[in-house]
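Q: Got a structure for you, questions after.
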Amino acid sequence: MTYIDAPSTERPPAARRRTWTSARVTGLVLMMLWAALGLSIVYMLVVGYDPEKVTKYGPRILSGIWVTVKLVAMSIVLGALISIPVVIGRLSHNPIIGGIAFGYSYFFRGTPLLAQTFLVYYGAGQFTDVLKAAGLWVFFRDAYFCAVFTFSLNTAAYQAEILAGAIRAVPSGQWQAADALGLRPFTTMFKVILPQALITALRPYGNEVILMIKGSAIASIITVLDLMGQTRYAFSKTYDLQIYIWAAVIYLLTVEVLRRLWEMMERRLTRHLRR
Amino acid sequence: MKFAKTLVTAAALLALSLGGASAKEWKKVVIGTEGAYPPFNYVDTDGKLKGFDVDIALALCEEMKVECEIVAQDWDGMIPALLAGKFDGIIASMSITPERKKVIDFSEKYYNTPPAIVAPKDTDIKGVTPEDLAGKTVGAQVSTMHADYVEKKLTESELKTYPTADEYKLDLANGRLDAANDDSVVLSEWLKTEAGACCKLVGMVTPVLEIHGPGAGVGVRKEDTDLRDMFSAAIKAIRANGKYQEINKKYFDFDVYGG
């Protein structure tokens, strides 16, 4: 039995008159509540604006932003490098190599970054003699390096999962086609598979960087004076809650800049898909 | 016209209720302490808050004839928590400093002990002057007068601040810090423990009034002047009736009240 689509005789539905349903009223009230909350925060910042505090703690906050940016940039880049062998391991058919890579990402994705940071910072402190003998204490003595070290290892696990997943998502036909063309494995990977995988991976990568920016606040509790560290310092001097709001605004702006950057990159990478 | 009348009535009611609030009878007082500053306040193995501060708090409440509840609060949130009304008094070895007095009020002091500097046993630090400590990394608990002292007076040293005393002690033991600044009693108690075996007392710091203040007092909100006076009177009373000395003896072999 076949159906033939008869030309529709129905007219498009007449625009319904918007009535004040209870759902609509509730939605509006909630929206207004949110707007009021937002406005009161802005009002608080405007009224509580204190030029003395700004001149006193502003430069410290700025230096904190710089430390946070450096910390995140270094961790993300180092993490990307570390993630390469992990990805190879995750895609490997060898059970031992695959198992090691799985164990690595299982551990780092399964435990809190806070616990990892403490483990590295205070754990390294327990083995000073060994580390001194190995010449590594110079590195682990510094809280900043401890933070970079932990964050890199942590983000490497996430980045590896993102990339491995994206590579698996490339249809197997692509591999076979490259094979049929007689392309070398290296060329297949870098010219055929990765360009396609990276499109899939781009969004999750952006998420990971955003998570890292916010996660980097953890460095402040092992004495690193990043944005959060400087905020806590200023708060400990003034007991003024506004400083935390300012810090939140700065984090928000940083993430927004990153989001726009990512959008630009995505547009560039997917330019062949646009019609 | 009717609207104006309602407004006036509302204003009158508001004024009445506010007036009523200031004349509040203190039947129950919630007191905040840290629980990470032995021997003054710490959490015992059975999970209870103990220490000199806690005993003093209980004695003061008994003297004031009010019901008391003691709660633990992280150090760096202590003053905000008081201001937010989570508790009514801070008895946590908090020194009466000018900086804190801008935001909260204090009773009279209930003890005063000098600050001190400790360092690893193999240190080359000879004394506690700014010159002796120049170029050294000095640790202290965040938001304390000790951190403030390092920042303002030991200008040639690098200050590192930690959320609790436990953490700077760890970093002192593992060599990340060249020295640490804290209360002399707290430090000497720690030096007696196994963990404190790494380090030694370098010397006492001469207190500076504008940084260290007159000693530790009970912190209260500025509007609770009645509670502040109650605490001050109670401190005086337990000093006079021997209760203070009894508690003092339990923890120390000298008078921590100070001169």
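The values are calculated or read from the model by the stated rules, or taken from the named source; none is laboratory data. Note that this is a predicted model, so its numbers are computed, not measured. Cβ coordinates were reconstructed from backbone atoms using ideal geometry, including for glycine residues, and neighbour counts include every protein chain displayed.
Q: Looking at A:201, A:217, A:247 in this structure, which one is assigned to a helix (DSSP H, G or I), in contact with a helix residue (DSSP H, G or I) (Cβ under 6 Å, 6 or more places away or on another chain), closer than 23 Å to residue A:71 by Cα and within 14 Å of another protein chain (Cβ to nearest Cβ)?
A: One residue alone meets the criteria, A:217.
Q: Is it the case, given these coordinates, that residue B:135 is among the small types (Gly, Ala, Ser) and assigned by TED's automatic domain parsing to the domain that holds residue B:235?
A: no
Q: Just need a number here: residues in the range A:11-32 that are among the basic types (Lys, Arg) and surrounded by 10 or more Cβ atoms within 10 Å (Cβ to Cβ).
A: Final tally of qualifying residues: 1.
Q: Filter the range A:124-136 down to residues that are part of a helix (DSSP H, G or I) and facing chain B (nearest Cβ under 10 Å), then give me how many there are.
A: Qualifying residue count, the range A:124-136: 7.
Here's the yes/no breakdown for (1) in contact with a Lys or Arg (Cβ under 9 Å, 6 or more places away or on another chain); (2) closer than 13 Å to residue A:161 by Cβ; (3) surrounded by 14 or more Cβ atoms within 10 Å (Cβ to Cβ):
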residue: A:64; (1), (2), (3): no, no, yes
residue: A:67; (1), (2), (3): no, no, yes
residue: A:88; (1), (2), (3): no, no, yes
residue: A:101; (1), (2), (3): yes, yes, yes
residue: A:108; (1), (2), (3): no, yes, yes
residue: A:111; (1), (2), (3): no, no, no
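Q: Just checking, does the range A:109-132 include any residue being out of contact with any Leu (no Cβ under 7 Å at 6 or more places or on another chain), closer than 17 Å to residue A:226 by Cα and basic (Lys, Arg)?
A: Checked against the condition, which is being out of contact with any Leu (no Cβ under 7 Å at 6 or more places or on another chain), closer than 17 Å to residue A:226 by Cα and basic (Lys, Arg), the range A:109-132 yields no hits at all.
Q: List the helices (runs of 4 or more DSSP H) that sit entirely inside the range B:2-115 and contain at least 1 residues that are within 14 Å of chain A (Cβ to nearest Cβ) and either at pLDDT 90 or above or closer than 20 Å to residue B:225 by Cβ (or both).
A: B:78-83, B:98-101
Q: Being out of contact with any Lys or Arg (no Cβ under 6 Å at 6 or more places or on another chain), without any contact (Cβ under 8 Å) to a residue 40 or more places away in the chain and either part of a helix (DSSP H, G or I) or closer than 15 Å to residue A:143 by Cβ (or both): is that true of residue A:224 here?
A: Here the answer is no, as residue A:224 does not meet what is asked.
Q: If we keep just the residues of the range A:220-234 that are at the interface with chain B (Cβ under 8 Å from one of its Cβ atoms) and either farther than 17 Å from residue B:167 by Cβ or hydroxyl-bearing (Ser, Thr, Tyr) (or both), which is nearest to the chain's Cα centre (by Cα)?
A: A:223
Listed here are the residues, each with its yes/no results for (1) β-branched (Val, Ile, Thr); (2) surrounded by 20 or more Cβ atoms within 10 Å (Cβ to Cβ).
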position: A:192; (1), (2): yes, no
position: A:199; (1), (2): yes, no
position: A:230; (1), (2): no, yes
position: A:245; (1), (2): yes, no
position: A:248; (1), (2): no, no
position: A:251; (1), (2): no, yes
position: A:258; (1), (2): no, no
position: A:261; (1), (2): no, no
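Q: Let me ask you something else. Please go through the range A:137-179 and pick out each residue that is away from chain B (no Cβ under 13 Å) and either at positive phi or not in a helix (DSSP H, G or I) (or both).
A: Of everything in the range A:137-179, those that are away from chain B (no Cβ under 13 Å) and either at positive phi or not in a helix (DSSP H, G or I) (or both) turn out to be A:170, A:171.
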